[in-house]
Amino acid sequence: MIIKSVCEINRDLFYALWDVANNSKPTSAQDCKLIFPTRRNKDTRISEQESRVLFCNLLNNTEYFYSVETPTEEMYKQKGKKHRSANSDLSLYTQTNDDFKPVLNVELKAHTAKKEDIRKDIEKLMRENVPGNWFHTLKNIRRDTLPAIFKRIVYSIKDTKEGFSCEKQSIIFSFCVLERQWGCLKLFECDPSTKEFDKYVDDFFTLEYSINKGIHVHNKAGWEIISRSGNNKID
């Protein structure tokens, strides 16, 4: 249930971000009148914070409760020599009697991101004992943009599997491209202890596309393609 619901939220989030980027008519996800700010040189500043605001607004219309910058259950040695709690960008809960049960963690990213920054956030999604959602916002992409990001994620997942505590993990991976009004979404679902795990990861992060005015997808490899522009095509 949670996976289906969050996939739908991700789809709505694509359109909400595209509307904000284009200064379009506000949608239900934009009751806060969100805009992208500009720097002194007049360039638009895009970060993961816009995704978080809109994600939370969408959650307000669901049965789920949420928290931001949520301390993790597991301990991590991500900086320095001591293990300590980290923070998940956003966490979803269901209400059970007088308590709240964690049901999913979200990590938000923007731009290409450094290898170690990706690894640290992937580790949190892989090791926490609830499903996860990786939502990545990009201003634009080139032919090599997604392959470069995929390569860093593949490395991060494989590097994390030794400390994996669950029998199986489910993570929704979403990538939203603002200027091209294009996105892709896919559910990662695999047991890291299996012999086929590395191959599954390699095959999962495959998406063949080219760019000529629009984005032309040659092999979806299981990715759901979401697009508003008529220039984007799928073979």
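The values are calculated or read from the model by the stated rules, or taken from the named source; none is laboratory data. Keep in mind that what you see is a predicted model, and the values were worked out from it rather than measured. Heads up, the Cβs are rebuilt from the backbone with ideal geometry, glycines too, and the neighbour counts pull from every protein chain shown.
Residues to consider are I122, I153; find the one that is closer than 21 Å to F14 by Cβ, assigned to a helix (DSSP H, G or I) and touching a helix residue (DSSP H, G or I) at 6+ places or on another chain (Cβ under 7 Å). Let's see the steps before the verdict.
Numbers: I122 fails: closer than 21 Å to F14 by Cβ.
Residue meeting the stated conditions: I153.
Show the residue pairs meeting these rules: Cβ distance below 9 Å; 6+ apart or different chains; first residue within region 1-12 and touching a residue at least 60 places away in the same chain (Cβ under 8 Å); second residue surrounded by fewer than 16 Cβ atoms within 10 Å (Cβ to Cβ).
These pairs meet every condition: I2/T94; I3/E189; C7/E224; R11/E224.
Restricting region 165-190 to residues that are under 20 Å from the mean Cα position of the chain (by Cα) and outside any strand (DSSP E or B), which is farthest from K220 (Cα to Cα)?
My answer is K168.
Quick grid of which residues meet (1) exposed (fewer than 13 other Cβ atoms within 10 Å of the Cβ); (2) polar (S, T, N, Q); (3) under 30 Å from N23 (Cα atoms):
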| site | (1), (2), (3) |
| --- | --- |
| K168 | yes, no, no |
| E179 | no, no, yes |
| L185 | no, no, yes |
| P192 | no, no, no |
| D198 | no, no, no |
| N212 | yes, yes, yes |
| I226 | no, no, yes |
| D235 | yes, no, no |
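Could you check A16 against (1) surrounded by fewer than 16 Cβ atoms within 10 Å (Cβ to Cβ); (2) touching a helix residue (DSSP H, G or I) at 6+ places or on another chain (Cβ under 9 Å); (3) farther than 30 Å from E162 by Cα; (4) modelled with pLDDT under 95 and say which number it fails?
Only one criterion is unmet by A16, namely (1).
Among the candidates F173, F205, F135, F150, single out the residue that is more than 23 Å from R52 (Cα to Cα) and touching a residue at least 24 places away in the same chain (Cβ under 8 Å).
Sole residue among the options that is more than 23 Å from R52 (Cα to Cα) and touching a residue at least 24 places away in the same chain (Cβ under 8 Å): F205.
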